[in-house]
1. Quick one: is Leu522 in a strand (DSSP E or B), in contact with a Phe, Trp or Tyr (Cβ under 6 Å, 6 or more places away or on another chain), in contact (Cβ under 8 Å) with a residue 12 or more places away in the chain and under 28 Å from Ser576 (Cα atoms)?
2. Can you name the residue in the stretch 81-108 that is free of Cβ contacts under 8 Å to residues at least 60 places away in the same chain and farther than 18 Å from Ile172 by Cβ and is also most open to solvent (accessible area, probe 1.4 Å) among such residues?
3. Answer with yes or no whether Lys595 is among the basic types (Lys, Arg) and at pLDDT below 90.
4. Tell me, please, whether a residue that is closer than 21 Å to Tyr191 by Cα and of a type in the set (A, V, I, L, M) can be found in the stretch 51-74.
5. If a residue must be at pLDDT below 80 and either at positive phi or buried (at least 22 other Cβ atoms within 10 Å of the Cβ) (or both), how many such residues does the stretch 179-195 contain?
6. (1) outside any loop (DSSP other than H, G, I, E, B); (2) closer than 27 Å to Ala812 by Cβ: which one isn't true of His747, the others all being true?
7. What residue, among those in the stretch 784-819 that are farther than 16 Å from His747 by Cβ, in contact with a Lys or Arg (Cβ under 8 Å, 6 or more places away or on another chain) and not aromatic (Phe, Trp, Tyr), is surrounded by the most Cβ atoms within 10 Å (Cβ to Cβ)?
8. Step by step: first the residues of the stretch 123-173, then only those that are within 20 Å of Asn73 (Cα to Cα) and in a loop (DSSP other than H, G, I, E, B), then the one that is most open to solvent (accessible area, probe 1.4 Å). Which residue is that?
Amino acid sequence: MNLAKRVPRIILYIFIILFFVVIGFTFLFLSHLFTQKQTEILTLKRELAVGVIENEFTEVSSILETVSVSILNDEDIQKIETILNDIDDKNETITQMYFGEPDGSYIITTDFDEPDGFDIRERPWYVSAEGREGIVYTDAYIDSVISSTIMTIALPIYNSDQNLIGILGADIKVSTITSFVNSFVEKDKGYAFVLDSSGNVLAYSNLNEELTQLTNYSEYEIPYDSFELREGITKDISTIEQKGKIAYGTINGSDLLFGVFMTRAELNQSTRTLIIVSLSVFALILAIITVFVIVYNNYVNRPLKSLISDINHIDISKSPNYRMDVSEQAGFKDARIALNELIEISVGYQVKLNDSLEELSLENQKFVHLLSSSSDIVFMIDTDSRYLNIYGDTESVLGLTKDEIIGKTHRQVFGEKYSDEREKEYKKALQGEKVIYSWESIMNGSTYYFENVLNPIYNHENEIIGAVGVARDITEQENRYNQLVYISTHDYLTKLENRKVYDERLKELDDHNEYPFAVLNLDFNGLKLINDAYGHEFGDLALKKTADILSKNARDFDTVCRVSGDEFSVIMPQASRKEIENYKRKIKNEFKNTKVVNIPLSVAIGSYIKKDSTTSLDEARKLAENNMYKQKILDRKSVKNKAISAILKTLTDKYAYEKGHSEGVMNISVDIGKALNLDDESLKALGTAAMFHDIGKISIPDEILNKPSKLTKEEYEVIKTHTTTGYDILNTADEYSELAIHASSHHERYDGKGYPNGLKADQIPLFSRIIAVADAYEAMTSDRPYRKRMPKSKAVSEIIKYSGTQFDPLIAKIFVEEVSVNYDEET
């Protein structure tokens, strides 16, 4: 309780202490302000006086400069003298004027008795000005002629070559300065003075204007030695038995020094007045504040604190029914009523706001979930093209988190690549355009394609504040499109461009007159033979190898196409005949060294160079194709024969017993032919047919031919196909086409139950019937994977047993009776 009573008293004491502290600081501030004021007063007086004195000098300087112009304009010496005399007569400040020339000649405006040995060039003013530029002031001196203190102002004059023409001089009375200085400061308030560079007093308050001798500054207690700078204000000093300060400074353009001393009493006069006024004002302000505090505390502060306290209790989210006291005693009644009305309105808005926020929150969640689960990327940019927000799976598509993107520009996120193009698109959108563009992103070796739609965003004042974009993933469509384009323009097997590209490229070259260009048509030799012998797998391999050879030997700008099953074409723009022949030579050499199984690859080539538009495109293609067919006809026999020999070699190299079997069948068949009295040509044909009778086995899988156990029904059906395959292989070569029937018919039976065509008796060609017997006997008397060979006698018995059913009875009889008797058990 005692503490509660003492608190106001403590506060009062603190207030009093603070009050005096403020007064103290105020006094110090005012003292500093008054010191500054003294400095300003002294500086102002000095500058005022210096300005007046400088005007005197400036007038004379201007006169000299004007006369120098006349001299430079080559005025004659008489006219110059007239000008100088005129100036001397009209100007009271100037006592006389001079003009001295470098040769010693001169002009003086007063009567002058020249003493012996007089030389104008030795005069102090001449010596001081010689070699200098601009106005020069001499020290003051006593002129004995006029019994007055004067000083000379001199001006050297130079021509355009900087050669001295002469020096102008003017003597001026110092008395004009002395007169001004005498009256500048009242005697009891201080004094003013002017000193030359030697410390001589030229002017001093209350000093006789007509000086007849020069006096040193020390005679007047002027503290000249304390003037450290060219201008300034001294600290407090004592002079003429008074304390005060001196403001001093040089007179512009000369070595004269002006100073003004003001006593402390004079300087402080305004300070005392200011202090008294300030304290009075301060006391008045203190009284007003005291009254104001009392009134404020009773009628403003307390009611205001109560109002603030009630306002702090307002929380419409927690207490929507709270209302403020509006009685007279509470104070600020109108404000309280207005606040209660505002609370009513705010409560209504709060209810609506809560409903809107709830609805907005639900919509926002739906929006975020929808965008997050979408493959699209939605983003917003501001007017500086910085990403404000982004939705979607940016990590899997772009390899970047949202934090790595938001707040940055496209260039900062993705680097220089495509940044210029993207910034152009963003700029269009920020200028009000709807922008659609495509872009791609490579992540983990996969390329993603996107189509962006960018629209500007406007505020309520219809100002563009940014843009929103949707990046739609079109990778699947783009890949499908690219795949369709590729399929439509490329051969699926060789990956070369197809007939469509071939036609379009030729038309393009012809339409644009890009002559010459060459058309090369190439036809693969023996594709059907390889397909029949080894299967389409090896035929496809042959086509791929052909495509590789054609492509890698072509130039970068040549077009290599597969135009049909075994036909290729190469389009060579701007090709010479030498380049074409070189290309042909290279691919032919490479084909010679390239084989599929044992068959060397080869192509027939025809070419034509279209040099101008006189030959139609169709005609050019036809000529190239005709040239190709000519070569194909020439190469046909050699190529096919070599291929068949290669196939047989492959078969016999692969299966050692097949070589022995083919040779055995050939020998037995020839022996039978001889027994039948066939001529030599027929025997030769029979031997060849017997040698190639099983060539079709080249297409039978190894696991069937080498199977050590009995074949299944399905496997036997596969084995049977070697007859038709053999026929197809041999029939492709003209040399063997007539013998092809025997490869097909050597498994026909005499009773018509054989294969592949069920021929019987004489329907079966003679050579086929002979080969059938020879084939059976040789097979029975040879080791096979699934059995050992049988004795000769048993094999002959088998031939006899199936005579008339499987074998031709006549041939079987001749073999048994005339041929087999010549074979021992080891044959």
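1. Yes; evaluated as a whole, the condition is true for this residue.
2. The selected residue is Asp103.
3. Answer is yes for this residue.
4. yes
5. So the answer is 1.
6. For His747, the failing item is (1).
7. Ser803
8. Result: Glu133.
The values are calculated or read from the model by the stated rules, or taken from the named source; none is laboratory data. The shown structure was predicted, so the numbers you read here are calculated from the model rather than taken from an experiment. Heads up, the Cβs are rebuilt from the backbone with ideal geometry, glycines too, and the neighbour counts pull from every protein chain shown. The protein model used for the area step is the full one, side chains on, heavy atoms only, and it has no ligands, DNA or RNA in it. Shrake-Rupley method; radii C 1.70, N 1.55, O 1.52, S 1.80 Å.
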